[in-house]
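Below you'll find the structure, written out as structure tokens, and then a few comments.
Throughout, read-outs are computed from the coordinates displayed, never taken from laboratory work. Keep in mind that this is a model prediction, so the values were computed, not measured. Cβ sites come from the backbone with ideal geometry, for glycine too, and all protein chains shown count toward neighbours.
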Amino acid sequence: MKLQSRKIVIIGAGHVGSHAGYALAAQGLAEHIMFIDLDAAKARAQAMDISDASLYLPHSVKVSAGDYSQAGDADLIIVSAGPLPDRSKGQNRMDTLGQTVAVMKDVIAKLKELKFDGIILNISNPADVITHYLQKGLNHPPRKILSTSTTLDSARLRRALSEAMGIDRKSILAHVLGEHGESQMVAWSAASVAGKPLRQLIAENPLYGGLDLEAIAKEARGGGWTVLEGKGSTEFGIASSIAEVVRALFGDEKRILPVSVLLDGEYGQKDVYASVPAVLGNNGVEMVLELSLSEEERKAFAASCASMRGNLQYALGL
Ligand SMILES: NC(=O)c1ccc[n+]([C@@H]2O[C@H](COP(=O)([O-])OP(=O)(O)OC[C@H]3O[C@@H](n4cnc5c(N)ncnc54)[C@H](O)[C@@H]3O)[C@@H](O)[C@H]2O)c1
């Protein structure tokens, strides 16, 4: 049996790419991490910085900068290139669609030459629409191209719930579904604490009488803006989300995380990338889990999908 080491290529060595690289290195999720960036000096600097850190990390890791000609043997490619929304102009993620599509045209042209058939994890925003754009542009098997999407929003939601309820976030199961963006929604009817329906727990416990779930959903949705406006980038939360998804994929964990996948009839939706809980393993997205949503939640999810479908059509026309 041949022993194998794992190589991850990260396209876009900015705030997200570099923090993802560090999280993957620190958690021992790859033996080789390689950055590609338009700015080759920046890619080299990020690689050197993480490489310097590696002596004091628990795992050995090679960190390098390179180009597409060295990316064909990757086990996984992460795409994190592209512009950030300009909050001074009130932009949201979808407002960067045109600029990100321009970046993706370059990424698609280069990746096509590689004939890469492994797993692609897209982070670039608007994450769901861009993942679909990449899937179509590369004609990549849908189950092998996904986005973290609301993995991060769900972490924000569980943080907010945990702070409001005084219960550890790991004991609260609640998913944000749909778009990693403004049209996202929370599947409250499927949320639970140690198996007990969240709404029932709130109704029965006077301690939680004043809990405003709408305000909590809003906090989760706005969490990215609070971080971006406060420090100019969001990086640790997304890096940790990326590492969690990569661990589930590489470890063949069959772990369920909310990720953006191409829907094929699930939740009554077709031909749209949207975040739903999915089983992740060596084959990528191995199964989509259909939660029992209320009628109102189904409508909100459908509206989120409709908005992303429209934006994909716009992107395809650029
Ligand atoms: N999905 C999420 O949860 C999430 C979270 C945070 C940021 N993001 C998105 O990730 C992307 C990157 O954010 P960031 O904060 O790292 O931005 P950044 O500006 O710090 O880094 C972007 C990098 O992409 C590089 N780049 C641009 N065009 C390229 C190309 N054609 N090929 C290779 N590299 C290229 C730039 O040189 C730069 O280094 C944005 O689209 C952002 O909206 C997504």
* Asked: Give me the pairs: first residue in the stretch 197-226 and more than 21 Å from LEU84 (Cα to Cα), second residue of a type in the set (Gly, Ala, Ser) and surrounded by 11 or more Cβ atoms within 10 Å (Cβ to Cβ), beta-carbon distance under 7 Å, and six or more apart or on different chains, which are they?
  -> LEU198/ALA174; LEU198/ALA191; LEU198/SER192; LEU211/ALA164; ILE216/ALA160; ILE216/ALA164
* Asked: Name the residues in the stretch 1-17 that are more than 8 Å from the ligand (Cβ to nearest atom) and over 17 Å from SER64 (Cβ atoms), would you?
  -> MET1, LYS2, LEU3, GLN4
* Asked: Pick from the stretch 111-150 the residues that are near the ligand (Cβ under 8 Å from one of its atoms) and assigned to a helix (DSSP H, G or I): which of them is farthest from the chain's Cα centre (by Cα)?
  -> ILE130
* State yes or no: is PRO258 closer than 18 Å to THR151 by Cα, within 16 Å of the ligand (Cβ to nearest atom) and of a type outside the set (Phe, Trp, Tyr)? => yes
* Among the residues of the stretch 151-196, which ones are of a type in the set (S, T, N, Q), touching a Ser or Thr at 6+ places or on another chain (Cβ under 9 Å) and either within 15 Å of GLY223 (Cβ to Cβ) or in a strand (DSSP E or B) (or both)? -> THR151, SER154, SER162, GLN184
* Asked: Which one of the conditions (1) over 30 Å from LEU84 (Cβ atoms); (2) touching a residue at least 12 places away in the same chain (Cβ under 8 Å); (3) buried (at least 17 other Cβ atoms within 10 Å of the Cβ) does SER192 fail to meet, given that it meets all the rest?
  -> (3)
* List the pairs whose first member sits in the stretch 233-257 and is more than 24 Å from LEU291 (Cβ to Cβ), whose second member is more than 9 Å from the ligand (Cβ to nearest atom) and of a type in the set (Phe, Trp, Tyr), and whose Cβ atoms are under 7 Å apart, counting only residues at least 6 apart or on separate chains? -> ALA239/TYR22
* To do: Answer yes if at least one residue in the stretch 18-39 is without any contact (Cβ under 8 Å) to a residue 12 or more places away in the chain, out of contact with any Cys (no Cβ under 7 Å at 6 or more places or on another chain), of a type outside the set (Asp, Glu) and more than 16 Å from the ligand (Cβ to nearest atom), and no otherwise.
  => no
* Structure fact -> Checking LYS62, LYS89 in turn, the sole residue that is more than 21 Å from ASP271 (Cα to Cα), charged (D, E, K, R), away from the ligand (no atom under 12 Å from the Cβ) and touching a residue at least 12 places away in the same chain (Cβ under 8 Å) turns out to be LYS62
